[in-house]
Every structure is written in structure tokens, then in C-alpha cells.
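Step one of this worksheet: look at the structure below.
The values are calculated or read from the model by the stated rules, or taken from the named source; none is laboratory data. Note that the structure is a prediction, hence the values are computed from the model and not measured. Heads up, the Cβs are rebuilt from the backbone with ideal geometry, glycines too, and the neighbour counts pull from every protein chain shown. For the accessible areas, the whole protein counts, side chains as well, though only heavy atoms, and no ligand, DNA or RNA atoms are used. Shrake-Rupley method; radii C 1.70, N 1.55, O 1.52, S 1.80 Å.
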Amino acid sequence: MAEPDPEPIAFGAGQRLGAPETLGISTLDPAHRPPAMPPGRHVTVRVRMLDDTEELFDVSQKASGKVLLDLVCSHMNLIEGDYFGLEFQNHQKIIVWLDHIKPIIKQLRRPKHTILRFAVKFFPPDHAQLLEELTRYLFALQIKQDISSGRLTCNDTSAALMVSHIVQSEIGDFEESKCRSHLLNNNYIPDQMPLIDKIMDFHSRHIGQTPAESDYQLLEVARRLEMYGIRLHPAKDREGTRLSLTVAHTGVLVFQGHTKINSFNWAKVRKLSFKRKRFLIKLRPDLNSSYQDTLEFLMASRDCCKVFWKICVEYHAFFRLYEEPKRKPKPVLFTRGSSFRFSGRTQKQVIDYVKESEFKKIPFESVDLLPVFTCFTHFFVSHSNVGAGSNSPCLSASACHPHGMVNGQKSLELCGHSPGGRQPSPLTSPLLNDAGSIRTDDEDEVRRKRFPTDQAYFIAKELLTTERTYVKDLEVVTVSFQNAVGQEEATPDSLKKSIFSIFEPLHKFHTGFLREVEQRLALWEGRSNAHIKGDSQRIGDVMLKNLQPLTVSLHKQSEALLELEKACRSCPRLEDLCRDFELQKVCYIPLNVFILRPLHRLIHYKQILERLCKHYPATHVDFRDCRAALADVSEVVEQLQGSLIKMENFQKLLELKKDLTGIDNLVVPGREFIRLGCLSKLSGKGLQQRMFFLVPSRCSVMFFPCRPMFLLQIRESEDEWGVPHAFTLVGQQQSVVVAASSLAEMQKWMEDIRVAIETAKTTNGSNGFLTFPECPEDSAVEAESEDETAASQTSLERPAPHRGNTMVHVCWHRNTSVSMVDFSVAVENQLSGNLLRKFKNSNGWQKLWVVFTNFSLFFYKSHQDDYPLASLPLLGYSVSVPSDSENIHKDYVFKLHFKSHIYYFRSESEYTFERWMEVIRSATLSSSGARGPSNKESRPH
């Protein structure tokens, strides 16, 4: 591989998009090795890069096209190279992509005289799926080329906005004379002169925006355009009308000029083929459609048809398949049709590979060859030395660390720290701001309306979405936790046997069950002709078949939690390993909750089957199977109910033990947890915020950290002390006056404490166990807001690292409390699915995969992600329907509101809207005693 000798070039602030040098270093993989080269005679191939520089690569003539592409990616240390390809003009003057499988010598007639162009081949719908900053930079270069050539057409406003982001990345912050001079000397779009003032106006709004943010915002604007990522292939319909065909991640599109007039999603397409000049699209039968079964388009030649067909095959495989398709064996005698197939990693494989690799980032200060890396060294240093500005996108890889750690989960961790080095609030969510959020339009709504509207379908879909989350939770134990402790000598064999021998078969079983549910829902949604017969619009038969063998294996589930606690108590090393594991992002809730998940899941199956049986008439084809499955599940739930209640109480005591210091005998037989939360203690210095824990036992009543306290009575004392919502705890030797944050909170505490006292009197004459750790005087500072940059340091935080979003922390910052009844209800109310989210002052909606559990919403980009990007604890929030004055003119929208924080969420149907409202109310409306059924909101308009 020959390389020109680069000369050091001086760059201005942020200048890089037009830089002439392409050699760089990766933000993820510092040791990206070149591919193995097959033996044989070598030839020099010229490749034009995205910044219009040319590089020479020395390859074997026998090497395949994939070897050359890998060599180019290795040259740039590009990990996500699968989104790119090498295109060239063949001997028939047609622009084609270099085939990955065929040898180069069979594709390039005159390799020395052919220039290949390195370009983006696959355009994903969401640029946040691009995990490397380098990849987004190359995509930005592609967009710059497309708007310059006129390929990416748009209105003047969008064009000016995109150019302004490019200019910001090249020359830095806006200065009028500098910006005007730059625009006069550089032409970014056809007919740029009339738009110079508009470009400058936009550029003046980007002050403080780093080059990485400019890339992100450029792609954010571009991806909304109808011509984004489009490569038009001229064709005619049967009437001779001139059209253009193209392919995108969604399917095959039809354009007339630069206007999309039709689209055929992959779910609609049964087969793509070509016969001579005719390109054929065979559709799946659809009674509601006026289209013919097979659509025919006439292209310029057979070769044009084949070129477009090959691109369609690759797009379908890259975006729709989980893994690279297997190569078919060659026929012995006769061949029929093309043997072309997609070769390479699919998008899912690329994303999984980058996430799982966890490559280390390189500190740029330690690079010895800075003069050589002229373009990319400046590119990455400019990112690593500039902190995130006020408009930094939350999913951008803008660095917040002086050593250039910019990508992956490390960047999220580092960006969460405030400039002063203080820890962020435990309630801070990196996705809970409007900057850089990914928008959706009404295409989602149109797509939803094509799905079945029967309530049974949405109940079955809830089974699917929650099963996806459940399988991911099982993987936390079978994969992540096993990798963390399974190979350690400190882990007892009995623990390995009790946990992994239980969870591995469960994971295998539920993976198969999930696959069956996905296939049934795909049929139910009409992706095949099975829905015409109606024999796939049911789910009871799938559940009955699978739940019968499942219920047999859950009786030993409680043993796993007991064995884990026993092993941790006897082995401090194992306890440290478990604590370290809980700090990992994949362990988004306490580890013990994952251990109890199979028992909780059985309750969810029972609820889903109850809703189906209630919905179906007795004559429905699915009613009998649902009723039989419900009978099986209900029997097992009843058998396990007593054990589950004990295990939930045991799990909660174990969780409290981690939060409280100096209490070694908290977890003892017979002790029950009742309530934890925040109260203000009245002292000589006034009201001071404290955490209280009501945990009665048969033997004693303790009042930490002062002395044991035997509670004798409790009385209201608001009038006595002149403090709102105050009450007095009277013991044998002391009395304590405390105040709640509201009348409702006071009533909950007083009721639970009275119940504890009366219960103790009827046992052995002893009373409840009430604790409240002392806190520093300055720890009562309000710090519960999602916008806070620093959290109060309290004695609830151990010296060792600890998860910052435990229920103790949330109750402290929200000044509220929760009871064991609340925890039990929360176990039953869990939900997963896609929601559209909107902020109070934003215009667009952001599509997220949302999981509700443990009183919190956890936000993911998709259900395939291994860990959440952010979370929102819901204690203290209220949920309601937006009023007319809020101008939310959408169906199925609910609002979350806490102080100045307002979030809107859209669901896909009336049923899912009511389900989200129901489960969120279980977290926002806490209880002290028995909970009545929550009232559902009326359908929003």
C-alpha cells in the first residue's frame, strides 16, 4: 500500500470537513489489523476517499472485493466499515458496487486505470445507531458530497441549515466577515449565493457547537429529507411513465422526479426478481389493497435490472436479517438464476460487535506521530479538548474527558460528571433533555393503523414486548452475572448449581417461547395469508403449550436467592463481586430482583390470560386454550404465593442492608419490612430531613443510631408544635417529633406505625423496629430535580461505590415514602414497549423502547439494547391526560408531571394507553394499606 507523504497543515478552530488527509485513528479500536492477503501477483488500486483525496492500495489480484474494503477500513481504523462500500464505473458505464465475494481481477478490467470511490452504502434510519464518532464523521462527508452534487435535494431552509452546520465544523464559531468570506470562496450547494444571508443567520445560532455536534446535527437534518440516502435507478411503468426505483432500509421506493409516489415495505414484498429488462416485485396478498400481485417496471437493460436487484438483496439482508445468510452449495450440472448473495455482517451484527468489544480509547496526548495524523488527529483532539456545549446532543459522542474518551458507554459515564468534579444527582437522566433527540413523524401513526385493532391483538402484543424484556433479564443472570462470578474460586459450587442450573434452562426455554410469540404476532399482523383464515389471530394455544412444562421448574426458584445470600454472608470476596456487578449498567435494578424475576413473570402470564379470557366470548376459538392455560398458571401461582411473599420481604431486607451501615442483624427470621421514606425530625436546630425505616420484629424495637426504642404510642402534634403534618413517636425513655411532607404522607406513616404497634402487642409484647440514620446538617438541600448537576452527600451513601438510584436515594430526593404493599403492587405492574416521547417545549416526538419496573421508566433505543441509556424514577410524579391548552393534538397521550418537569408520551392504541396509565399510577400513587383499583382515564382526544 503506497501512501503520499503528508505535510503538516495548520487548521483553524473546528476545521476538518475539507481537510485533505484521511489517515486517522479509531475512537474504539487502536489495533485494527489489515486483512490477510492471499498469495499471487499484486496490483495497485486507486481509491478516492470521501474527502476527495486518493489513496493507493497494494492488493493481490486473487483477493476478493471484501479484502480490499477491509484494507481501506483498516487504513482508517474504521470499525463500522460494513455501512460503506467501494463503487466504480464498469465497462458498460454503469456505477456498481464492488462485489465482496468475487476476486478483484474479475470485476476490474483495468485495475490500474480504475478509480474506486469509498462511499456510504447503507443508510440507517437513525444515525444514533452509528456508535463511532469516526463513522458519523464519514457520514457527514457523504452528506456534504450529496448536497453539493444536487443528489440530496431539499428546500432552501433545509439546505441553508445543513450548510451552516458544515461551516460551523470547518471554521468554528460565527464571525460575520469570516463566515461571509468563507461562503464566497467555498460552494457547498448549487446556486448558493441567494442563500448566503440565511446560512449566516443559522451559523450565528451554533456558537459553542463542537465538530462532533455539527456532524450529529447535520445528520439529524439530513435524515428527515425524503431524498436522504437515495440512489435513483431510472425505470418506466407499464404505461411508459418515467419513474425511478430506489431501495431503503424500509423496502423498495418509487419516485417521480424527486417526489416519492409509492413504497413497498419488506413486509409486503414476497419476491424480487428480474427478467431481461423487466424488474418484478411480487407482493403478498392483501385484500385491502388495489395493487396487483406482481408489479412490473421496465429498465434500460438487463444489466441495469441486475444491478438494482443486487442492491435490493443486500439492503434487505443488511437491515432485516440477524446474521449473514449461509452460502448455498453450487449445483453440480445446471444453474438457474443468479448465485449472488449478501456477504458481510448485518446491521445487528455490527451493533452487537461494537457493543461487546468494549475497546479502549487512546489518549491523544500520548500519540507520537502527531505530525503524520494531520487531519484526523486534529479532528479527534478538537473533540476531546472541547466539553459538551449547551446544545450538545445527548447521544452524541462529544467528549467530556481530556483524554478523548468519546464513544460508547464510557462517554455517557464521563459526561454525567459536572465540571467541578462533583457526582451528578442520582436522578439525572442523560436522555431527559431535548437536545439531539431523535424525531419521528406521522408515518408511525399510519403504520399503526394498518395493524389489527382487536383488543386481543394488543394483549398478545403486550405478552411479546414484556417477554422480550424478560429474556433480556434472564441474560443478565445467565451471561453477565455468570461471567462476573462464575469463574471465581470464591464462588461456591452449591451457588453455581442452584442459580445457573435453574436459570440456563429457563433462558433457553423462554428464548424459544419468545420466538414462537414473535412468529404468531407476525402472522396476526397480516404478514402472510394466514390471517385470511383467521387461524393465526390467537395466542392461547401458544401459551398453553409452553406454560404447562414451565410451571414444573419454578418450585425451587426461592432456593437460589437464599443460596446467594448465604454464600455472600460466608465469603466477603463474593459479596464484593456481587456489589461490583450491581454497579454495571447491564444490572439496571438490584441483582436480587433479577433472581426473583421468574416468579414475578408467572404472575404476569396469569394477568395476561385473565385479560384475554375476560375479552373473549365463550364461543371464540381462542377462549378454551386461554382458559386452560389460565387454570394451570393460577394453580401454580396459588401454590407459590406464600413463598413469593416471603422472598420479596427477604429481598427487600437484603436491599436495605446494603443501604444502611452499622446494622448487622437486620435480616433475621420473622422480621418484616413495612415502610421506608423521608420525614423531618424536629430538634433544637429546627426541622432536619431524615430517612426512616419501619421494620418490626418479634423481639425488639430499635431507634438508630441513638439507642433501642420501644414504641408505645403515636399521636398527632401539629397544634402542639405549630409544625404542619407533625406527629410524635412516644417510646419508653424518649419521644421524637417528626413531620411529613404532606397530609397524605403523614396519614400513611401513622397508619403503618399504629398497625406495627398493635401487631407487636398481640405477639410477645414487643414493638416495632424503627430506624433513622443521622445525616449531615447540610444534607437537607433539595436535589431531586433531573436538571441538578450535583447530589447531596448523605450518610446513606457508603464509602464504597454504590448505585445511585436505589429506592432509598429516590425517596430522599423526592421527600416521599413507599411501603411493602407498594413494592408488591410494583412487582405485578410491569410493562415494556415502544412509546413516543415529547418534552414540554419541543416540537417532534422521539421513539424509545421503554421498560417500566421498580417504580421507574427505563429508556432504550431499541429492545435489543443490553442496558438502558437513562431512567426516570416516578415517585412524586403525577400522571394525567394533557389539557386542550397544551396543544397536544394526538390520540393516546399521557403526561408525567413533577414540579417544573413535564413529559408527554404517546402509545399506539387505546388498550396500550390504558395499560401504561394503569402501571404508572401504581408507582405515582403510593399506599400504606390495601390498595384499591386505580381508575382509568377516559380515552384522550
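See the values below:
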| item | result |
| --- | --- |
| Hey, residue 230 in a strand (DSSP E or B) and either at positive phi or open to solvent by less than 20 Å² (accessible area, probe 1.4 Å) (or both) or not | no |
| Residue within segment 84-104 that is assigned to a helix (DSSP H, G or I) and without any contact (Cβ under 8 Å) to a residue 12 or more places away in the chain present | no |
| Matching residues, segment 564-589, being open to solvent by 20 Å² or more (accessible area, probe 1.4 Å) and assigned to a loop (DSSP other than H, G, I, E, B) | 571, 583, 584, 585, 586 |
| Checklist (1) among the polar types (S, T, N, Q); (2) part of a strand (DSSP E or B); (3) within 28 Å of residue 174 (Cβ to Cβ) applied to residue 244, failing item | (3) |
| Residue match in segment 849-872 (condition: at pLDDT 90 or above, open to solvent by less than 30 Å² (accessible area, probe 1.4 Å), in a loop (DSSP other than H, G, I, E, B) and under 25 Å from residue 823 (Cα atoms)) | yes |
| Residue identified as in a loop (DSSP other than H, G, I, E, B), open to solvent by 10 Å² or more (accessible area, probe 1.4 Å) and under 29 Å from residue 132 (Cα atoms) among 58, 52, 70 | 52 |
| Of all residues in segment 895-913 being under 14 Å from residue 852 (Cα atoms) and not polar (S, T, N, Q), the one that is nearest to the chain's Cα centre (by Cα) | 905 |
| Residues within segment 708-752 that are in a loop (DSSP other than H, G, I, E, B), within 43 Å of the chain's Cα centre (by Cα) and crowded, with 19+ Cβ neighbours inside 10 Å, tallied | 3 |
| The listed residue being among the β-branched types (Val, Ile, Thr) and open to solvent by 20 Å² or more (accessible area, probe 1.4 Å), out of 207, 199, 189 | 207 |
| Verdict on residue 213 being crowded, with 20+ Cβ neighbours inside 10 Å and either more than 17 Å from residue 309 (Cβ to Cβ) or of a type in the set (A, V, I, L, M) (or both) | yes |
| Flag if residue 454 is closer than 23 Å to residue 620 by Cβ and surrounded by fewer than 19 Cβ atoms within 10 Å (Cβ to Cβ) | yes |
| Verdict on residue 221 being open to solvent by less than 70 Å² (accessible area, probe 1.4 Å) and either touching a Phe, Trp or Tyr at 6+ places or on another chain (Cβ under 7 Å) or assigned to a strand (DSSP E or B) (or both) | no |
| Helices (runs of 4 or more DSSP H) wholly inside segment 126-204 containing at least 1 residues that are polar (S, T, N, Q) and in contact (Cβ under 8 Å) with a residue 40 or more places away in the chain | 133-149, 156-171 |
| Count of segment 605-661 residues which are assigned to a helix (DSSP H, G or I) and in contact with a strand residue (DSSP E or B) (Cβ under 8 Å, 6 or more places away or on another chain) | 1 |
